[in-house]
Amino acid sequence: MKLALIGCGGMGALHAAMARAAGFEVILCADTVEPAARSMAEKYQARWSADPETAARDPEAQVVAIATPTPTHLPLIRIAAESGKHIFCEKPFCRTVRECREAIRLAKKHRIKLFIGHVVRYFQEFEAMRQKIQEGRIGEVGWVKLTRGGIMPGAPGSWFRDYAQSGGVTLDCMIHDLDWLRYVFGEPKRVYAQALMRGEPNPMDYAQATLRFRNGLIATVIGIWAYPSGFRVTAEICGDKGMLQYDSSDAPLSLHSRSVSAGPTMIVPLNPVEKSPYLLEWEDFAAWLSGKGTPKVTPEDAMAAVAMAEAALESAEKGQPVRFPGRICR
Amino acid sequence: MKTRIAILSFAHMHAWSYADCLRQLPDVELCDIWDDQRKRGREAADRFGAPFAPDLDRLLGRKPDGVIITAENIRHRELTEKAAKAGCWVLCEKPIATTVPDAKAMIRACAKAGVGLGTAFPCRYATPVKLAREKLQAGELGEIYAVTCTNHGQSPGGWFADDRLSGGGATMDHTVHVADLLRWMLGREFTKVYAEVGNQLHRRTLKTDDLGSIHMTMQGGIRINHIASWSRPASFPTWGDVTMEFIGEKGVLWLDAFNQKIRVFDDTAGKLIWDGWGDNPDLGLVADFVDAVRNRRAPSVTGEDGLRALEVTVAAYKAARTGKTVTL
């Protein structure tokens, strides 16, 4: 199928490569930053555009991939859906639950398929942990701690650092873990969170959240945009018969480059797998489009993840726990 | 003249280590061991070559210079008050008590009797902790914004899991060390507490909480999460941990206080064992107490320090019960 890529930043580049590997043809690359659109288009021998909205209704494209700043997701989804395109949208789904709900309504109305890239559901290490849990290997799970993050993303002035746009580490990064927790353990009951959200000139964010789930589970989640460098994910899952631990810094391959610049160097752990989890999510999306099965993540799931992150942010602002009403994804 | 220290009860396993420390220190005599369980008391007395005193009043009548109280948490107050009345310096195992009024009464009793009261927070004497504190106080991290901590352990069972004797489970057992370290290292007091507390992993075997995820705020708005737990499985390679991640203006500091270990792959035990080789923090704690006794000064870690850490713990239980933050 023919795909228009909107957003030619880091995630856009990754999604273009994975989409192609999953059998899509990249025919158009759009970005408000013209050189980014041009160079990506050159790589895929595609057309380019500096106007995302035009790209979203491109007559040739059957599928639109959205990898743009979070607040632009809904407007682009609206245009693409009204133009009858199927949509792959990077997480977080939208900035607010209200926007997510509208996006779902549009997808239903225009009968298009909408997929949100909650890629952690496809990560082999997280899938291995989920399987161990479901096999009962560690018994009944009572407590989970997930930590994720590293350096503050984006350059000075980037939308990531404008918390009104990005929702900070809670909405942009911790949402992975919030989604995975709900995927594995079901609906949350309440959340308490603290969030740092420091702005310029030394921006950093650091979020600490504790959730109680309906099944009694307590989950502690730490989101980090505050390390001087690097990126690290850890998981610890405790049951009444044992415990699982995962640490991304404990990797089969680590690279420590001799930097030519003056800055300090860092060790980069690498966890190569034959099929990248990003490819797996694109293949899942592709299978859905061709009428085979349903994907691992639905727009309702992605909306629930936004609801969890929004509640965490609300708790951090109010300094009190926030309760989830009933099933949050309805 | 030797400094005469008695140990009151071996209910808490730390008593064995403290007794061992007393033996290592010069000019110190473990003069008496009292225990309400004769078998346990006699066993300790035999091991350390000290007399076993079945009668606490007669022991106190022999006027030891100081006592180390390692009884069940609920008994700390009664034993402290008796020892203070007898003019003994007191080093009390943590948590100092199970309720704030009890802790305050202990502090009052010792002040009235003119004796020093110390809380056994040996983590302050762990060498990596001391170095971390030096770096924080030297400003190497600049302003501290947030801290994420753990004090995990294995389920100790016995009276620790009996609220009537312990005052609470893992949250009571494993909050105070880190609460004290945070105060000591950052020089701030706690202002607000929220917690989720539960029996998450031992529903069939324990009747108390084995996990607390505790959110605290300190003066200046420092955001803290601490996990107090008995979550380490029996197959875990060590007893547990004390860890702290400090997020600061100029950097990040990771402390894993007891992570000085060799890995022992032990076929006899059928599991991996982490064998620690770092300095023994208990020795610093006991040495400070003996020095305090000799110089008629307050121990470095005071009863008030014990009270402050207990207040956070009590607030955590209250927050968990009410579902609301508790202001200190």
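The values are calculated or read from the model by the stated rules, or taken from the named source; none is laboratory data. None of the values given here were measured: they were computed from a predicted structure. Methodologically, a virtual Cβ is constructed for each residue, glycine included, from the backbone with ideal geometry; neighbour enumeration extends over all protein chains shown.
Yes/no matrix, rows are residues, columns are (1) in a loop (DSSP other than H, G, I, E, B); (2) hydroxyl-bearing (Ser, Thr, Tyr); (3) on the phi < 0 side of the Ramachandran plot; (4) within 14 Å of chain A (Cβ to nearest Cβ):
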residue: B:Glu196; (1), (2), (3), (4): no, no, yes, yes
residue: B:Gln200; (1), (2), (3), (4): yes, no, yes, yes
residue: B:Arg204; (1), (2), (3), (4): yes, no, yes, yes
residue: B:Lys207; (1), (2), (3), (4): yes, no, yes, no
residue: B:Pro237; (1), (2), (3), (4): yes, no, yes, yes
residue: B:Leu255; (1), (2), (3), (4): no, no, yes, no
residue: B:Phe258; (1), (2), (3), (4): yes, no, yes, no
residue: B:Ile262; (1), (2), (3), (4): no, no, yes, no
residue: B:Thr268; (1), (2), (3), (4): yes, yes, yes, no
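Just give me the residues in region A:234-293 being of a type in the set (Val, Ile, Thr) and either in contact with a Lys or Arg (Cβ under 8 Å, 6 or more places away or on another chain) or within 14 Å of chain B (Cβ to nearest Cβ) (or both), in sequence order.
A:Thr234, A:Ile237, A:Thr265 - these are the residues of region A:234-293 that are of a type in the set (Val, Ile, Thr) and either in contact with a Lys or Arg (Cβ under 8 Å, 6 or more places away or on another chain) or within 14 Å of chain B (Cβ to nearest Cβ) (or both).
Which one of the conditions (1) within 9 Å of chain A (Cβ to nearest Cβ); (2) touching a residue at least 40 places away in the same chain (Cβ under 8 Å); (3) in contact with an Asp or Glu (Cβ under 8 Å, 6 or more places away or on another chain); (4) part of a strand (DSSP E or B) does B:Ser231 fail to meet, given that it meets all the rest?
For B:Ser231, the exception is condition (4).
Every residue in region A:198-224 that is free of Cβ contacts under 8 Å to residues at least 60 places away in the same chain and either assigned to a strand (DSSP E or B) or aliphatic (A, V, I, L, M) (or both), please.
Selection gives A:Arg198, A:Met204, A:Asp205, A:Tyr206, A:Gln208, A:Thr210, A:Arg212, A:Phe213.
Can you tell me how many residues within region B:198-219 are surrounded by 24 or more Cβ atoms within 10 Å (Cβ to Cβ) and among the charged types (D, E, K, R)?
Here the count works out to 2.
Do you know which of the residues in region B:130-144 that are touching a strand residue (DSSP E or B) at 6+ places or on another chain (Cβ under 6 Å) and surrounded by fewer than 20 Cβ atoms within 10 Å (Cβ to Cβ) is nearest to B:Leu285 (Cα to Cα)?
Only one residue fits best here, namely B:Leu141.
Report the residue count in region B:251-281 for those that are within 29 Å of A:Gly149 (Cβ to Cβ), among the charged types (D, E, K, R) and surrounded by 13 or more Cβ atoms within 10 Å (Cβ to Cβ).
2
For the subset of region A:211-226 comprising residues that are over 20 Å from the mean Cα position of the chain (by Cα) and more than 8 Å from chain B (Cβ to nearest Cβ), which member is surrounded by the most Cβ atoms within 10 Å (Cβ to Cβ)?
For region A:211-226, the residue satisfying everything is A:Phe213.
Is it the case that some residue within region B:65-80 is more than 27 Å from B:Pro156 (Cβ to Cβ), of a type outside the set (Ser, Thr, Tyr), modelled with pLDDT of 95 or more and out of contact with any His (no Cβ under 9 Å at 6 or more places or on another chain)?
Checking region B:65-80: at least one residue is more than 27 Å from B:Pro156 (Cβ to Cβ), of a type outside the set (Ser, Thr, Tyr), modelled with pLDDT of 95 or more and out of contact with any His (no Cβ under 9 Å at 6 or more places or on another chain).
Results for (1) aromatic (Phe, Trp, Tyr); (2) under 23 Å from A:Leu196 (Cβ atoms); (3) at pLDDT 95 or above, shown as yes or no for each residue.
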position: A:Ala235; (1), (2), (3): no, yes, yes
position: A:Glu281; (1), (2), (3): no, no, yes
position: A:Phe285; (1), (2), (3): yes, no, yes
position: A:Glu314; (1), (2), (3): no, yes, yes
position: A:Lys318; (1), (2), (3): no, yes, yes
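Would you be able to say whether some residue in region A:113-125 is in a helix (DSSP H, G or I), aromatic (Phe, Trp, Tyr) and on the phi < 0 side of the Ramachandran plot?
Within region A:113-125 (the criterion being in a helix (DSSP H, G or I), aromatic (Phe, Trp, Tyr) and on the phi < 0 side of the Ramachandran plot), the answer is yes, since at least one residue qualifies.
I'd like to verify a number: residues in region B:239-251 that are more than 7 Å from every other protein chain (Cβ to nearest Cβ) and at negative phi, how many?
9
A:Ser229 - would you say it is over 19 Å from the mean Cα position of the chain (by Cα), buried (at least 19 other Cβ atoms within 10 Å of the Cβ) and in contact (Cβ under 8 Å) with a residue 24 or more places away in the chain?
Taking the combined requirement at face value, the residue does not satisfy it.
If only one of A:Met18, A:Met40 is in contact with a Cys (Cβ under 8 Å, 6 or more places away or on another chain) and surrounded by 21 or more Cβ atoms within 10 Å (Cβ to Cβ), which one is it?
One residue alone meets the criteria, A:Met40.
Please state which one of B:Ala309, B:Ala319, B:Ala287 is touching an Asp or Glu at 6+ places or on another chain (Cβ under 7 Å) and either assigned to a helix (DSSP H, G or I) or buried (at least 18 other Cβ atoms within 10 Å of the Cβ) (or both).
B:Ala309
Of the residues B:Leu186, B:Leu182, B:Leu165, B:Leu211, only one is modelled with pLDDT of 95 or more and within 13 Å of chain A (Cβ to nearest Cβ); which?
Selected residue: B:Leu211, the only one of B:Leu186, B:Leu182, B:Leu165, B:Leu211 that is modelled with pLDDT of 95 or more and within 13 Å of chain A (Cβ to nearest Cβ).
Yes or no, residue by residue, for (1) modelled with pLDDT of 95 or more; (2) assigned by TED's automatic domain parsing to the domain that holds B:Gln200; (3) assigned to a loop (DSSP other than H, G, I, E, B); (4) under 14 Å from the mean Cα position of the chain (by Cα):
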| position | (1), (2), (3), (4) |
| --- | --- |
| B:Ile107 | yes, no, no, no |
| B:Val115 | yes, no, yes, no |
| B:Pro128 | yes, yes, no, no |
| B:Leu136 | yes, yes, no, no |
| B:Gly142 | yes, yes, yes, no |
| B:Val147 | yes, yes, no, no |
| B:His152 | yes, yes, no, yes |
| B:His177 | yes, yes, no, yes |
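With (1) outside any loop (DSSP other than H, G, I, E, B); (2) more than 9 Å from every other protein chain (Cβ to nearest Cβ); (3) buried (at least 17 other Cβ atoms within 10 Å of the Cβ) as the list, and B:Arg223 as the residue in question, which single condition is left unmet?
(2)
Please determine whether any residue of region A:133-148 is at pLDDT 95 or above, outside any helix (DSSP H, G or I), within 18 Å of the chain's Cα centre (by Cα) and more than 14 Å from chain B (Cβ to nearest Cβ).
no
Restricting to region A:153-191, count the residues that are within 16 Å of the chain's Cα centre (by Cα), within 14 Å of another protein chain (Cβ to nearest Cβ) and farther than 18 Å from A:Val120 by Cα.
So the count comes out to 1.
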